[in-house]
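The values are calculated or read from the model by the stated rules, or taken from the named source; none is laboratory data. This structure is a prediction, so every number in the text was calculated from the model and none was measured. Every residue, glycine as well, gets a Cβ built from its backbone with ideal geometry; the counts of neighbours run over all protein chains shown.
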Amino acid sequence: MSVAVASFAVFAASQVGTPGPANMALMATGARFGFRRALPFVAGVALGKQLIIWPVGFGLMELAARAPLAFEALKWASAAYIVWLAWRVANMRLGEEGEARAPGFAAGLIVHPLNPKAWAMITAGFTGFVAAGTPTFEATLAIAAVLLACQIVLHPLWTMGGALVARTLRGRPGERYLMWTLAALTVASVLFVLFGGGPT
């Protein structure tokens, strides 16, 4: 296939499932307000990433056609940034945060457009898992669909399990193992892409 959907799904799951600004917000919202009250926020967070994917997809595919060396450089820069994020995740500890009242759909919608991790994840998806010459719409649709599917599954899990995870693991040895496992999965998926996992 011109888009390595299976490989990207593994990468996307590791990224969407990694503790970061969006998942920490989802976890805190679920912990403080419950799953039902957090649903508008969850929907906004999931759909907000689409506001990045489509413009970036069309722009990056044009860049790949006109400046392949710049496209390759962007691929490595995105990978380096994600590895750096994985290091931060490995040293992150669970905690509780939140607002005085449950955030709504609009609040969730802007989470990913303001999240540098989301931009790096999407850029890495296009540069690492899309073969040269792939039609722009096909590439963008594949990336958008895989990420949305991962978010539909993983974002509610973070929301529902937020309180339990925070209360059970915070300050205990299991918390460190969880963070290191998520970070290792992220780095492994990036290395897989750079050294033979992505399309050529």
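Taking the options GLY104, GLY128, name whichever one is out of contact with any Asp or Glu (no Cβ under 8 Å at 6 or more places or on another chain), at pLDDT 80 or above, closer than 14 Å to THR29 by Cβ and surrounded by 13 or more Cβ atoms within 10 Å (Cβ to Cβ).
Residue meeting the stated conditions: GLY104.
How about the stretch 137-160: which of its residues are within 12 Å of ALA43 (Cα to Cα) and either without any contact (Cβ under 8 Å) to a residue 40 or more places away in the chain or surrounded by 22 or more Cβ atoms within 10 Å (Cβ to Cβ) (or both)?
Within the stretch 137-160, GLN151, VAL153, HIS155, THR159 qualify.
Can we say VAL42 is at pLDDT below 70, under 29 Å from GLU175 (Cα atoms), out of contact with any Asp or Glu (no Cβ under 6 Å at 6 or more places or on another chain) and β-branched (Val, Ile, Thr)?
No; evaluated as a whole, the condition is false for this residue.
Which residue pairs have Cβ atoms closer than 7 Å, lie 6 or more positions apart in sequence or on different chains, and pair a first residue in the stretch 99-124 that is closer than 28 Å to GLU72 by Cβ and touching a residue at least 24 places away in the same chain (Cβ under 8 Å) with a second residue that is assigned to a loop (DSSP other than H, G, I, E, B) and of a type in the set (Lys, Arg)?
Qualifying pairs under 7 Å: HIS112/LYS49; ALA118/LYS49.
Scan the stretch 107-125 for residues that are surrounded by 15 or more Cβ atoms within 10 Å (Cβ to Cβ) and part of a helix (DSSP H, G or I) and jot them down.
ALA107, GLY108, LEU109, LYS117, ALA118, TRP119, ALA120, MET121, ILE122, THR123, ALA124, GLY125, listed by residue number.
From the list ALA22, ALA12, which one is buried (at least 24 other Cβ atoms within 10 Å of the Cβ), within 15 Å of VAL146 (Cα to Cα) and within 17 Å of the chain's Cα centre (by Cα)? Talk me through it step by step, then tell me what you get.
Details: ALA22 fails: within 15 Å of VAL146 (Cα to Cα).
The conditions single out ALA12.
In the stretch 131-176, what residues are modelled with pLDDT under 85 and not in a helix (DSSP H, G or I)?
Scanning the stretch 131-176 gives ALA132, GLY133, ARG170, GLY171, ARG172.
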